[in-house]
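Written below as structure tokens is the structure these notes are about.
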Amino acid sequence: MKQGKIIALLAGAVVLLTGGYLALRLKNAEKTKQKQEQEAPVSLISFDGDATASLTVQNEEGTFRFLFQNRTWVLDGDEFTANPYTVSAICSYMCNLNSVKTIAKDVTDLSPYGLSDPVKLTAVTDSGDSYQLLVGNPTPTNESYYAMLPGTTTVYTIDYTSGSVFRANKNTLKNRYLLDAYSTEITEFSLERDGKLIYSMTHDAAMQWIINQPIQWQGYTSNINEILDTFVRATATAFVDNNPSDLSQYGLDRPSYRIHAKTDAKETTILLGKMVPNAENEVSIYGMFQESGQVFYMTKAALNFLDDDLLSVAYPYVYNPDASTVKQLVVDCNDVQATLELDTQNKKYSCNGVDISDMGDEVTQAFQDFYQAVATMGLSQVDPDAKPEGEAAISFTYTLQSGEVNRVELIPASDTTYWIMKNGTYTNFMTRKKILNVTGGIISSYETLQKKIQEASK
């Protein structure tokens, strides 16, 4: 072969190799560009989340529209009470949403991505602007979710957390709190058990709890606050039915318990029925929001006050005036016959005419202990149907600094109990006779006072 031909062949090979290399470079550059474009985040939706006026969630369970009213999210309708935290989370994740990857463009078959029947979200702002998003299935590796914008053919992935929030089901959109409020906002509260009213009470203008039924009595604020704190923390474990035609299957046709609570802004009535059969780990009970007909079950122990009686919320003493308001206390209690004179402002005290003011701290303390034993004599049971009769066996007569006189009397009801009267009227309460003899009770504290006075008089 002639040298010129050889040179020509080599030159042609160099051209071919160079062209192939350049083509390969261009191809790789295009792939890199496509990959970069695919992996570059795309801003899908951007708006002011705080300006959201409504949110509509459309999924296989239905279409649910939520409105932002009075600084919270409410369902447009009365099917159930909205979970404002779930709705707020959807708005929060949706208002500034970027893609993770661009998966495919010009997609005609959306079924592989779960976008042929997606969850559809529609957020409308105060200005009337509308933003929509379609959310499909999670990716095979559960690292993200498929999503797209309505009216487009491009499929993206979004982060897994956002996708999980967006695909909220109906139960997640329901508020699981029995009452979504602060305990301090409750103004009315009542409990029924087996069809019998245990108590009904209201919070009055003086910021005190008053029991209205089945008797009228002052509420015991510290205990009531504990009950209300427990109630507002309690949640449904899961929802199981909606407005069932047969309530008996859950024991809700004749509920075991009925709780009613009210605030200035909302109220709820909770019915509790049968125990859940074969419940795992904890004892659970069926319940229902009476207003919406939503049936759920929950841990019974979450409402630890259900089996308490009226005494759990009643002020535990018949008459317990502050010693600074009392001028004289006359005690007529079996062998204890005592007249106490009090002037706490000037620290002057006497017992049965004996001035003990200068007998030392031990005598003064014994005097105060005896006074408290009388004033804090406890209640043991409620009996509003009783009709006390007979003479009082024991009495405590208080004369206040103002001149007002109040008299507490105990009338024997049985061998073990007394009816408690105040100013001649039955209080609906009883006390046990043995309460007088307990350590630190009226009799023992009086004996201690007498002993201290004798020792100080020597």
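The values are calculated or read from the model by the stated rules, or taken from the named source; none is laboratory data. Predicted model only: the values in this text are computed from it and were never measured. Positions of Cβ are generated from backbone atoms using ideal geometry, with glycine treated the same way; all protein chains shown enter the neighbour counts. Note: accessible area is taken over every heavy atom of the protein model, side chains too, but ligands, DNA and RNA are not part of it. Shrake-Rupley method; radii C 1.70, N 1.55, O 1.52, S 1.80 Å.
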So which GluC sites (Glu not before Pro) in segment 220-311 end up in coil per DSSP with only 15 or fewer other C-beta atoms within 10 Å?
280, 282, 291
Of 275, 207, 421, which has the most accessible area with a 1.4 Å probe, and how do the rest follow in descending order?
207, 275, 421
Radius 13 Å from Cβ of residue 84, net charge of other residues (Lys, Arg +1; Asp, Glu -1):
+3
Could you put 370, 68 in order of accessible surface area, largest first, with the 1.4 Å probe and the full protein assembly present?
68, 370
Could I have the simple spin-label model distance between residue 205 and residue 160, label points 7 Å from Cα toward Cβ, reported in nm to one decimal?
5.9
On average, how much accessible surface per residue is there in segment 73-130, in Å², for a 1.4 Å probe, leaving out ligands, DNA and RNA?
51
Just one of [x] 25.4; [y] 42.3; [z] 22.5 is mean projected area of the Cα convex hull in nm² as worked out from the coordinates here. Which one is it?
[y]
Where a ≥ b ≥ c are the square roots of the eigenvalues of the C-alpha gyration tensor, would you call segment 386-458 rounded, which needs a/c under 1.5, or, failing that, prolate if a/b is larger than b/c, or oblate?
oblate
Full extension from residue 182 to residue 444: what is 0.36 nm times the residue separation minus their Cα-Cα distance, to one decimal in nm?
89.9 nm
From the backbone phi of segment 77-91, what are the Karplus-calculated ³J(HN,Hα) couplings (6.51 cos²θ - 1.76 cosθ + 1.60, θ = phi - 60°) in whole Hz, Gly and Pro given as x?
x, 10, 5, 7, 8, 5, 8, x, 6, 5, 4, 4, 5, 4, 4
Please list, in chain and number order, the residues 5+ apart from residue 267 or on another chain whose amide H is under 5 Å from its amide H, with Hs placed from the backbone.
none
Karplus (6.51, -1.76, 1.60) ³J(HN,Hα), θ = phi - 60°, over segment 188-196, in Hz, Gly and Pro reported as x
9, 7, 9, 9, 10, 9, 6, x, 10
For residue 126, the accessible surface traced by a 1.4 Å probe with all protein chains present amounts, in square angstrom to the nearest 10, to 120
Residue by residue through segment 207-213, which ³J(HN,Hα) values in whole Hz follow from phi under the Karplus form 6.51 cos²θ - 1.76 cosθ + 1.60 (θ = phi - 60°), with glycine and proline marked x?
6, 10, 8, 10, 7, 9, 9
Sorted by accessible surface (1.4 Å probe, heavy atoms of the protein chains only), largest first, 131, 177, 85 come out as 85, 177, 131
Give the carbon-plus-sulfur fraction of the accessible surface of the chain in %, rounded to a whole number; probe 1.4 Å, heavy atoms of protein chains only.
46
Over segment 234-283, give the accessible area per residue in Å² for a 1.4 Å probe, as an integer.
58
Local net charge near residue 195, Cβ-Cβ under 13 Å (Lys/Arg +1, Asp/Glu -1):
+1
Taking the Cα centre of the chain as origin, sum charge times position over the Cβ atoms of Lys and Arg (+1) and Asp and Glu (-1), and report the length of that vector in debye to the nearest 20.
2540
Pairwise label distance in nanometres, residue 308 with residue 422, each label 7 Å out on the Cα-Cβ vector:
2.0
Given a 1.4 Å probe and the protein chains all in place, what does the accessible area of residue 160 round to, in Å² to the nearest 10?
90
Going through 327/422; 348/452; 196/433 one by one, the pairs whose alpha carbons sit over 21 Å apart turn out to be 196/433
Please give the length that would be gained between residue 149 and residue 334 if that part of the chain were fully extended, namely 0.36 nm times their separation in residues minus their C-alpha to C-alpha distance (nm, one decimal).
57.9 nm
Any idea how far the Cα center of segment 324-400 sits from the one of segment 89-151, in Å?
75
